[in-house]
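The values are calculated or read from the model by the stated rules, or taken from the named source; none is laboratory data. Since this is a predicted model, take the numbers as computed values, not measurements. Cβ: placed from backbone, ideal geometry, glycine included. Neighbour counts: every protein chain shown. Ligands, DNA and RNA are excluded from the accessible area calculation, which covers all protein heavy atoms including side chains. Shrake-Rupley method; radii C 1.70, N 1.55, O 1.52, S 1.80 Å.
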Amino acid sequence: DSGMYDNGIVYYGFSAQNVQASLPQAVSTSSNNKLQISQLTLLASSINAIKELDIKVQSIPTLTDQSLYIKVADFLRGIAEQGIAIVDSVRTNNIESENINTKTLCLDGLCITKDQLQQILNSQSVPSSTPTPEPSPEPSPDTTPPVITLVGDVTITLSINDIYTEQGAEALDNIDGSITPIITGTVDTATVGTYTITYTATDLSNNISTTTRTVNVTEPVL
């Protein structure tokens, strides 16, 4: 488009048509249907050509001056100072391309090779849309018996023909909570002797605990 240029200035460079004839991969069609040159592709090809030419020039025995590649590289570094990074590296804010081929991918100083990336991808499983719930752990078996607490004294002493009143007991289990103990045994207050009352508590896991109360029936002291 000739309207883009000042006719009073001499421009140096390539036309898209000329580049397309010898290096078609460096030319593409823009959204407004105009040919455009990819500077990165063109410069990469130019660098490779300069290196190849430099090897041939350096093989000439009478060449005593700097090699062609060094001279051209110095020239390209001058271009880099104007905002285009060339020669050993390319630095830019944005790169748009359909394909980028590289042996090592680096992101903010962290580099990874193809094999390393493949290992990471292989080790990652594809998550399902609905996560599988974790199985509930098997409950630990209940092996703890209830704890029995007597109401009243552990040992009771009565005189003969006194009345024995059973005060009972309470039982508490760590899983089943409150349990009513079963009471067995009798006291004959008409007969002097030692009597044992037994309290038994059983939880739902068949853990059993027992405790006793002693009742002494004695002759009255005169």
#### Entry: Candidate set: segment 21-37, residues that are closer than 22 Å to Ala49 by Cα and in contact with a helix residue (DSSP H, G or I) (Cβ under 8 Å, 6 or more places away or on another chain); chosen: the one most open to solvent (accessible area, probe 1.4 Å)
Gln25
### Message
Take the residues in segment 97-131 that are hydroxyl-bearing (Ser, Thr, Tyr) and modelled with pLDDT under 75; name whichever of them is nearest to Ser28 (Cα to Cα).
### Response
Ser97
### Task
Please indicate, with yes or no, whether at least one residue in segment 22-35 is in a helix (DSSP H, G or I), modelled with pLDDT under 65, out of contact with any strand residue (DSSP E or B) (no Cβ under 9 Å at 6 or more places or on another chain) and under 26 Å from Asn101 (Cβ atoms).
no
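For segment 200-222, what are the residues that are within 28 Å of Thr189 (Cα to Cα) and either open to solvent by 20 Å² or more (accessible area, probe 1.4 Å) or of a type in the set (S, T, N, Q) (or both)?
Of everything in segment 200-222, those that are within 28 Å of Thr189 (Cα to Cα) and either open to solvent by 20 Å² or more (accessible area, probe 1.4 Å) or of a type in the set (S, T, N, Q) (or both) turn out to be Thr200, Ser209, Thr210, Thr211, Thr212, Thr214, Asn216, Thr218, Glu219, Pro220, Val221, Leu222.
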### Task
Under 6 Å between Cβ atoms, at least 6 apart or on separate chains: pull out the pairs that start in segment 193-206 with a residue that is of a type in the set (A, V, I, L, M) and end on any residue that is surrounded by 14 or more Cβ atoms within 10 Å (Cβ to Cβ).
Ile197/Arg213; Ala201/Pro146; Ala201/Ile148; Ala201/Ala171; Ala201/Ile179; Ala201/Pro181; Ala201/Ser209; Leu204/Asp176
### Task
Go through segment 149-169 and give me each residue that's open to solvent by 50 Å² or more (accessible area, probe 1.4 Å), in contact with a strand residue (DSSP E or B) (Cβ under 8 Å, 6 or more places away or on another chain) and over 13 Å from Arg213 (Cα atoms).
Asp162
### Task
Give just the number: which of (1) under 30 Å from Cys106 (Cα atoms); (2) open to solvent by less than 100 Å² (accessible area, probe 1.4 Å); (3) polar (S, T, N, Q) does Thr191 not satisfy?
(1)
### Task
Test Thr104 against the criterion of being within 30 Å of Ala44 (Cβ to Cβ), in contact with a Cys (Cβ under 9 Å, 6 or more places away or on another chain) and open to solvent by 40 Å² or more (accessible area, probe 1.4 Å), and give yes or no.
yes
